[in-house]
1. Looking only at region 41-59, how many residues end up being part of a loop (DSSP other than H, G, I, E, B) and either among the acidic types (Asp, Glu) or surrounded by fewer than 15 Cβ atoms within 10 Å (Cβ to Cβ) (or both)?
2. Every residue in region 33-44 that is closer than 14 Å to Val75 by Cβ and either more than 22 Å from the chain's Cα centre (by Cα) or touching a residue at least 24 places away in the same chain (Cβ under 8 Å) (or both), please.
3. If Cys34 passes every condition in (1) exposed (fewer than 13 other Cβ atoms within 10 Å of the Cβ); (2) at pLDDT 55 or above but one, which one does it miss?
4. Applying the selection to region 46-62, what residues are touching a residue at least 12 places away in the same chain (Cβ under 8 Å) and among the small types (Gly, Ala, Ser)?
5. Can you pull out every residue in region 60-75 that is surrounded by 11 or more Cβ atoms within 10 Å (Cβ to Cβ) and part of a helix (DSSP H, G or I)?
Amino acid sequence: MGASASRPSIGSSAPAAAPQATEAASKPKPCCVCKEEKAKRDECMLFSTAADPQKDCFSAVEQYRSCMAGFGFKV
């Protein structure tokens, strides 16, 4: 039964890792959110005929940033 006494100590380290896993699981991956906003931003930047696409696509970029910030990402 001495072996079973060492098992709880191993098990006690697992719950400490569980909150980190739960936190990571609750936050989606950046690639999986704001897909529509990202597509609009990319399309605007790639196909803009303006001399300065960054200025021309400012609103699309801001919409994407706002969406990502809503999920806790800083872009």
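The values are calculated or read from the model by the stated rules, or taken from the named source; none is laboratory data. Fair warning: this is a prediction, and the values are worked out from it, not measured in the lab. When we count neighbours, we look across all protein chains shown, and the Cβ atoms used for this are built from the backbone with ideal geometry, even at glycine.
1. Qualifying residue count for the region: 4.
2. Hits for region 33-44 are Val33, Cys34, Glu37, Lys38.
3. (1)
4. The one that is touching a residue at least 12 places away in the same chain (Cβ under 8 Å) and among the small types (Gly, Ala, Ser): Ala60.
5. Once the filter is applied, which keeps residues that are surrounded by 11 or more Cβ atoms within 10 Å (Cβ to Cβ) and part of a helix (DSSP H, G or I), region 60-75 yields Ala60, Val61, Glu62, Gln63, Tyr64, Arg65, Ser66, Cys67, Met68, Ala69.
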